[in-house]
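We did not get these values from a lab; they are worked out from the coordinates using the rules stated. Model, not experiment: these values are computed from the prediction. Cβ coordinates were reconstructed from backbone atoms using ideal geometry, including for glycine residues, and neighbour counts include every protein chain displayed.
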Amino acid sequence: QQYALNLSCVERIVRAVEITPLPDAPDVVLGVINVEGRVIPVLNTRKRLGLPEKELELLDLFIIVSENDRTFALIADQVRPVLEVPAQEVVSPDRVLPGTGYVQSVAKLAEGMLVVLTVERTLSFSDQTKVFAAIEEISGHPNV
């Protein structure tokens, strides 16, 4: 199973750096990183997706994404080229993965299933509010 993001929400991809813990953050938030002066929360996508956890490695990447004026970093083991999927190969997540609000859609590929994530729904609204309030408190700037 592979995971993807809608290209429109991807800002950039950067090499992994040390993550600074964020006090009282939800368990899906590993901490924050500084990218060109912006303090960005790092989401533990492995935990959210129910995958085995692993230590951050030098070859890992951060995918910097923005949705609805919120910016997050997602850890990726690898990043593949942009893929266009024909509309007829895309199905609603409710048909394949019911109850996963963070999944935007699912596509059938020759090599298996491609799960397209909705970053904004990875955290509940109340968790987002807490995280971004904490970031604003430590940095003095909102995360936008």
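Close amide H contacts of N44 (hydrogens built in the peptide plane, cut-off under 5 Å, sequence separation of 5 or more or a different chain): V29, L30. Between the amide H of Y3 and those of V115, distances stay under 5 Å, these residues lying 5 or more places away or on another chain, with hydrogens modeled in the peptide plane.
Which order do the peptides 85-92, 123-130 take when ranked by the mean count of other beta-carbon atoms within 10 Å per residue, highest first? Please report the intermediate quantities before stating the final value.
Details: 85-92: 11.1, 123-130: 14.6.
The most tightly packed comes first, giving 123-130, 85-92.
Dipole orientation for the range 2-139: of the candidates T45, I33, A87, A87 has the Cα lying most toward the positive pole (charges on Cβ; Lys, Arg +1; Asp, Glu -1). Springs between Cα atoms under 10 Å define the GNM used for the chain, and in it the highest mean-square fluctuation of P41, P52, P21 occurs at P52.
Each Lys or Arg adds one and each Asp or Glu takes one away; over the other residues whose Cβ falls under 13 Å from the Cβ of L109, this sums to -1.
Between L7 and L56, how many nm apart are label points set 7 Å from Cα along the C-beta direction? Output for this residue pair reads 2.9 nm.
Note on the range 9-77: with charges restricted to the Cβ of Lys and Arg (+1) and Asp and Glu (-1), its dipole about the Cα centre is near 120 debye. Extent along the principal axes, Cα only, for the chain: 46, 32, 28 Å, with the longest axis given first.
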